[in-house]
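Shown next, in structure tokens, is the structure this report addresses.
The values are calculated or read from the model by the stated rules, or taken from the named source; none is laboratory data. Computed from a prediction, not measured in an experiment: that's the story for all the values here. With ideal geometry, Cβ positions are generated from the backbone for all residues, glycine too; neighbour counts draw on all protein chains shown.
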Amino acid sequence: MKIYIYIEGAGDEDDTELLLRPDHAPGFRSGIRSGKETTTGLRPGFIKFFQELYDIAGENIKIFIVMCGSRRDAYEDFKTALESQPEAFNVLLIDAESPVDSTITPWEHLTSRTEDHPWILDAVNFDDEQCQLMVQTMEAWFIADIDALREFYGEGFREDGIERLMAQYQNVEQISKETLYIQLKTATRHSKNGKYEKRTKRTHAPKLLALLNVARVRQASPYCDRLFTTLTAKMDVSTNNPSQA
């Protein structure tokens, strides 16, 4: 069995090699932009974050992490994979960008967002398990583990504001993107590694992902827990039913 996870976010040359080229589009080019923005891709951080899944997979199941660039590029790469490698379990993992109504599916959430029109509107018959969300954005996972933030930012890191923020919500997925960025920027402003902002995100984020305690993040983020639960269940089926591998 092979599992491919197509993720919104900065990639590098290794990610470009993993991207499929659709037969009907010989001029296809990756949406991953080259240059300084992608010199530190997120894939190493995600590989470390998903180590538990790699351990479960063992030698018989292969997991591939593919950073795709923009959310639209991630979606297009995911659709290409559905056509080119239908035997694999292909997963789209992108930011929700806004609060998710618990009464609708992830696909319904994305298609209801006018900001994502028109490119998402053809997502009508896809498996719900293949759509996974980082609600509302990846930074929510970071504040779920204060110890990881403290370890990375060290002296000068101020956690009080984040702790007060966490106390106001049932889970990190309810916190808006704007609030997350403000709190991270404020908490890290005087730290040894400098403040977390757009300019430093490409270097800070991979290292923070690698430091996160997955159990804490899953407890604070139901959609993160859904991602791990879904992939673990898929691998369990494959392990117990060799014909599915």
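Some points to look at:
- Residues considered: Tyr169, Tyr181. Of these, the only one that is in contact with an Asp or Glu (Cβ under 8 Å, 6 or more places away or on another chain) and of a type in the set (Phe, Trp, Tyr) is Tyr181.
Residues are listed down the side, and each one gets a yes or a no for (1) closer than 25 Å to Glu52 by Cβ; (2) modelled with pLDDT of 95 or more; (3) among the basic types (Lys, Arg):
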residue: Gln170; (1), (2), (3): yes, no, no
residue: Ile175; (1), (2), (3): yes, yes, no
residue: Ser191; (1), (2), (3): no, yes, no
residue: Lys207; (1), (2), (3): yes, yes, yes
residue: Asn213; (1), (2), (3): yes, yes, no
residue: Ala220; (1), (2), (3): yes, yes, no
residue: Asp225; (1), (2), (3): yes, yes, no
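- The range 93-111 - residue that is farther than 18 Å from Gln174 by Cβ and not β-branched (Val, Ile, Thr) and, of those, nearest to the chain's Cα centre (by Cα): Leu93
- The range 1-70 holds helices (runs of 4 or more DSSP H) entirely within its bounds, and those carrying 2 or more residues that are at pLDDT 70 or above, within 15 Å of the chain's Cα centre (by Cα) and over 15 Å from Leu231 (Cβ atoms) map to 43-49.
- Phe142 at pLDDT 95 or above, closer than 18 Å to Leu209 by Cα and in a loop (DSSP other than H, G, I, E, B): no
- Taken over the range 133-169, the criterion of being over 18 Å from His204 (Cα atoms), crowded, with 17+ Cβ neighbours inside 10 Å and either in contact with a Lys or Arg (Cβ under 7 Å, 6 or more places away or on another chain) or of a type in the set (Phe, Trp, Tyr) (or both) is satisfied by Gln136 alone.
- The range 54-63, residues that are under 22 Å from Asp77 (Cα atoms) and in contact with a helix residue (DSSP H, G or I) (Cβ under 6 Å, 6 or more places away or on another chain): Ile61, Ile63
- Taking the range 48-70 as the range and being closer than 12 Å to Glu8 by Cβ and surrounded by fewer than 20 Cβ atoms within 10 Å (Cβ to Cβ) as the test, only Ser70 passes.
- Leu184 being modelled with pLDDT of 95 or more and either under 27 Å from Asn60 (Cβ atoms) or within 17 Å of the chain's Cα centre (by Cα) (or both): no
- Of all residues making up the range 119-147, the number that are assigned by TED's automatic domain parsing to the domain that holds His204 and farther than 21 Å from Leu227 by Cα: 2
- Given (1) in contact with a Cys (Cβ under 7 Å, 6 or more places away or on another chain); (2) surrounded by fewer than 16 Cβ atoms within 10 Å (Cβ to Cβ); (3) charged (D, E, K, R), number of the condition Glu178 does not satisfy: (1)
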